[in-house]
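One structure is given below, encoded as structure tokens.
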Amino acid sequence: MKTVVITGASTGIGRAAAEHLAAQGWKVFAGVRKQEDADALKKADPRIEPLMLDVTKREDVDAAVETVSKALNGAKLAGLVNNAGIASMGPLALQPADEFQSHFEVNVFGTLNATQAFLPLLGMDQNRTGDPGRIVNITSLGGRIAAPFLGAYTATKHAVESMTDSFRRELIIYGIDAIAIGPGSVKTPIWDKAEDKNENQPYANSAWAKPIEKFAETMMKGGREGLPPERIAEVIETALTDSSPKARYAPVPNKFTNWTIPTHIPKRWLDSIFASRFGMKKPD
């Protein structure tokens with residue numbers, strides 16, 4: 001039985017991945033921050049082992065590594081799925097620095113904390129038996145295309161894309177692979193949480209009030225009509241098991257419109273598309 005650790009598994013992509021992999025016969029350790037989420041996961045599938053895991057707290061990470069290490073009993077960990085993340089909307093010109101920083105604490109340093117801590121189990125400890133494991137980092141369409149009003153979030157996802165490539169190119173000496181999955185819109189609570197945070201519109205008196213309102217409507221619509229998280233769970237399984245996995249997967253709805261065109265046209269053209277779509281223009 002292969003063993004995988006998934007961070008941010010209480011809802012959305014993380015939970016879907018935990019349930020999907022458990023159904024495929026994996027031993028799943030699912031990281032959550034609240035006991036009620038742990039209880040809900042265990043109730044949904046007794047094969048899932050919840051871990052109380054806040055990736056920003058080194059003591060949580062170390063305790064999780066100890067728990068998983070005991071369960072492995074000298075074998076290597078087959079997979080680490082770094083999924084934990086947060087997102088808040090706001091123009092970079094006004095967004096509080098501490099809010100910007102919190103995105104990096106969770107999305108970037110949390111990913112780094114978990115990866116460094118689990119690397120010995122994945123294969124850096126060569127006394128362990130079995131094949132080296134794989135790191136799967138959940139990034140985003142925003143890891144390649146920086147939308148307005150999600151600068152903090154997309155900055156972290158650009159960083160994780162880069163970290164994934166660096167890990168893959170460094171860890172080749174241990175046979176440990178690192179793979180990025182950058183979904184487009186997914187039906188996940190992360191955007192509902194972002195909507196809750198922006199309900200009182202902290203930027204209502206700014207020059208971006210109307211554009212942010214339009215942008216928020218677009219994001220919420222995309223979040224409710226996007227790919228089901230179970231589809232991303234299937235891609236995660238492929239990344240963990242394919243004999244020749246891609247370095248990056250891009251499960252994006254309406255892929256030609258939302259991925260192929262934006263990644264192949266000049267950036268100034270994309271600037272104009274964003275400006276037009278959200279009602280922004282240069283002053284006369």
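The values are calculated or read from the model by the stated rules, or taken from the named source; none is laboratory data. Values in this document were obtained by computation on a predicted structure and should not be read as measured data. Note that each Cβ is placed from the backbone with ideal geometry, even for glycine, and that neighbours are counted across all protein chains shown.
A few remarks follow.
- Some residue of region 85-106 being in contact with a strand residue (DSSP E or B) (Cβ under 9 Å, 6 or more places away or on another chain), of a type in the set (A, V, I, L, M) and within 28 Å of Ala247 (Cα to Cα): yes
- Restricted to helices (runs of 4 or more DSSP H) entirely inside region 200-284, those with at least 1 residues that are buried (at least 19 other Cβ atoms within 10 Å of the Cβ) are 209-225, 229-241.
- Region 1-40, subset surrounded by fewer than 23 Cβ atoms within 10 Å (Cβ to Cβ) and among the hydrophobic types (A, V, I, L, M, F, W, C), residue nearest to Leu77 (Cα to Cα): Met1
- Among residues that are farther than 25 Å from Asp242 by Cα, in a helix (DSSP H, G or I), at pLDDT below 95 and not acidic (Asp, Glu), Lys43 is included.
- Number of positions in region 162-185 that are among the hydroxyl-bearing types (Ser, Thr, Tyr) and not in a helix (DSSP H, G or I): 1
- Against the test of being among the acidic types (Asp, Glu), touching a helix residue (DSSP H, G or I) at 6+ places or on another chain (Cβ under 9 Å) and at negative phi, the options Glu234, Glu225, Glu217 yield a single qualifying residue, Glu234.
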